[in-house]
Each structure stands twice: as structure tokens, then as C-alpha cells.
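Before any comments, here is the structure.
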Amino acid sequence: MSFALAPPPFRPAWHYWRGLLQPGWSPYGNTARLIRREAASADSETLWLKPFERLQGWQPGQHLSFGFELDGRRFQRSFTLTSLPGQREIAITVRKVAGGRFADWLSEAREGARLQISEPWGGMAFEMPDAPQRMLMAAGSGITAAIAQVRAAAERGQLAGLSLAYWVRERAEACFVEELRTLQARFPDFQFRLFLTGEAPAAAHEAEGRLDEATLAALPGSPQGAEVLACGPTGFVARVEALLREAAARIATESFTPPVLRVPDVPAAAVQLTLLKSGRTLSIPTDTPLLAALEAAGLRPEHGCRQGLCGRCTCAKASGVHVDLRDDSAHPEASTSLKLCVSAARTDLAIDL
């Protein structure tokens, strides 16, 4: 049986033929090809990918948004880069969450599979070169942001005064431990400690207990005058800020837990959403984030983190009142920075989509 190749009707023919001649090229942005997978822990693995176009000008610990298709639907997820700038290949370390959409895609993915990728965004960085201590504090998947900083410091030979405290439930869940212990042996001024919340410690680099007043004395570095970068669930970073606020010179945090979006305190109603670029008008509910309402209508606006952090879903609003669902604040003014993922309509809206 033979099939005739024909360009899809929804894009120019040259896009189609270039895609055939240059596998991986896309008119919709950069792509990356999966080249290998490595176990990172009992429930995590590191994916190494090769972008079609090399990433430029990014910093350790920044994030990428990945687009993928599963069962005929398109999804996006964001992950922290664990590789370093300057490398041709990029890496992310992913926890295999049962029933997670990306985990389901990954279970079927083979070498050569392609993902749509964004430009790098966000991330934390040290900003106080004169601080006596630089402390990294990570819980769970927050280790991906921390390991990027450790690797960058090791590459520069600047591990002196740097410490990492890392919390997991069981040691089998911990990523990068052997790498961190090797660095600790090579660079005595680098301090690392693994905190276990569901097991007893069994090695010199391990300690027991959740982050609280009792475990502060076991931290591998002193918070006094330190610059602290912390990444983990919302409750964890809140405890870091509460416990170290008085001692630390600076604390920067990142949470991978989606923000709690507040339901507007007015009865749900239907309003009109006018999309100025396409000329479409939709009827949407006032108690639903604009991004979700647009997706329910079959549209696929650009987005990334779905937490109001990356800014990829930002668009301009010409008229109407919208609510920021993170704090329930109302915004009647025209705006150039409405974020679809954390905003809902309060009145009829006109936005630049």
C-alpha cells in the first residue's frame, strides 16, 4: 500500500517540506529530541535531550516548558534544567508520578521522541558574593534547582562556603547523592546533608527529621548572615522563610506546588470574552481561570507553568474587569500584563488574542 505525501492544509507548504528535510524543525518554536534516559532514584529519572536550535543565554536552575501529545491531546509541563549552560545537550530530572500525564507520555516515549520546548525562564540565583555562607535548601523535586547551582559552582571552582540541606522521605527517593558525596570529598569546604523524614539515618551525611526548630542545629551550614535559596513544596519554603528570616541576609524561594487560586466572592455568571486578534467572542464563566475557559472552548493559547510565574500566557487587556485569583484583587484598568492562568473575568473582557 502506498500513500501520497501532501502538505497539511493548515500551514504553508514550505513549512511541511522543511519539516521533512530537517526533522525536528517546527514553525511553532524549538523542539528537543530524547537521546537517552538514566535512573536518578527509585522514582525519578534524568532525560537527556538535544534541542534542534541550541539554547542561548540561560542561567543554571532556569526552567523549560515542554509540550507533548497524549491520546490526541496536547499538554505542557515545566521542569528545571539540571544541565549547565554551554552544553549542547540539556537534561531534566523527572519524578515518575503514577497517573501523571507526563509520566504516561514518558512510559511510551522512545529514543528519538520529540518535545516542543520553550525558551528558558525563571529560576533562582545567588546575588550576594560577600555573604559568609551560601545555603541551598531543597525538599523532594526541589533538588533539581539546587543541583544546578551546585554543578555551576563546582565548574567555577567556587564551592567554598556553599552548603546543601536536602529533605526526602526515604533515601531511595534521593537524587544525585553519590555525586554530592563525591563533591564533598573533593571539596572539603562544600557541606552536604541528607535529611530523612521516614527512615533513621545510617551514614555520616544523613540526619533525621523535618525542617523545624529542632533540626536547625543539624543544618550543614550556618544561616547567620547567609544567602539562602530554597525550593520545594509550598509548606517547606514557608518554613524556611519563617525559621531563617531573622538570621539570613537574603532568602529566595521557589515552590513547585501550584498556588491556591481563590474562587471569586461573587456568584458565578456568564460574561463575554472578545478575542481581538481573531475576532471571536466567547461566553465564559466568571469562576474559571481564563486559560482553562479558553481551553474548554477548544483554543490552545501559549502557556507554561500555569502558576503565574513564567509569563508565557501574559497578554494585553483592552477593556473590562478581571480578578487575580491568587489574592482576589480586582483590576478594572487596561493592562499589558494579564496572566491567563491566574486571572478570571469579572465583567465582559476584550483581550489581545
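Electrostatic tally near LYS50: other residues with Cβ closer than 14 Å to its Cβ, Lys and Arg +1, Asp and Glu -1, net +3.
In the neighborhood of CYS310, defined by Cβ-to-Cβ distances under 15 Å, what is the net charge if each Lys or Arg adds +1 and each Asp or Glu adds -1? Walk me through the numbers on the way to the answer.
Numbers: positive: ARG77, ARG306, ARG312, ARG326, LYS339; negative: GLU119, GLU254, GLU302.
Around CYS310, the surrounding residues sum to +2.
Label sites at ASP352 and VAL97, each approximated as a point 7 angstrom past Cα along Cα to Cβ, lie 3.3 nm apart. Solvent-accessible area assigned to carbon and sulfur over the stretch 24-73 amounts to 42 percent, based on a 1.4 Å probe. Under a plain spin-label model, where a point goes 7 Å from the Cα along Cα-to-Cβ, how far apart in nm are GLU69 and ARG280? Those two pseudo-labels are separated by 1.9 nm.
Heavy-atom accessible surface of the chain, averaged per residue, reaches 49 Å², computed with a 1.4 Å probe. Specify which residue in the list LEU180, ALA154, LEU70 is farthest towards the positive end of the charge dipole of the chain, using unit charges on the beta carbon of Lys, Arg (+1) and Asp, Glu (-1), about the Cα centre. Positive-end residue among those listed: LEU70. Ordered from highest to lowest accessible area with the whole protein assembly present and a 1.4 Å probe, SER255, SER107 read as SER107, SER255.
Quick one: with all protein chains in place, what share of the accessible area of the stretch 273-353 is carbon or sulfur, to the nearest percent (1.4 Å probe)?
Numbers: 1730 of 3470 Å².
Carbon and sulfur atoms account for 50 percent of the accessible area of the stretch 273-353.
A Förster radius of 35 Å combined with the Cβ-Cβ distance from ARG181 to GLU213 puts the calculated FRET efficiency at roughly 0.80. Taking Cα atoms only, the orientation of helix 234-244 departs from the longest principal axis of the chain by about 40 degrees. Separation of the stretch 276-327 and the stretch 115-133, taken as the distance between their Cα centroids, equals 27 angstrom. For the stretch 223-353, a simple Cβ point-charge model (Lys and Arg +1, Asp and Glu -1, everything else neutral) yields a dipole of about 280 debye relative to the Cα centre.
Quick check: residue separation of ALA200 and ARG156 times 0.36 nm, minus the Cα distance between them. What number comes out in nm? Before the final figure, lay out each step's value.
Numbers: separation 44, 0.36 × 44 = 15.84 nm, distance 3.50 nm.
Gain on extension, ALA200 to ARG156, equals 12.3 nm.
Taking Cβ atoms as reference points and 12 Å as the exclusive limit, the residues near LEU194 contribute a net charge of -2, counting Lys and Arg as +1 and Asp and Glu as -1.
The values are calculated or read from the model by the stated rules, or taken from the named source; none is laboratory data. These numbers come from a predicted model, not from an experiment. Positions of Cβ are generated from backbone atoms using ideal geometry, with glycine treated the same way; all protein chains shown enter the neighbour counts. Areas reflect the complete protein model, heavy atoms only, side chains present, ligands, DNA and RNA absent. Shrake-Rupley method; radii C 1.70, N 1.55, O 1.52, S 1.80 Å.
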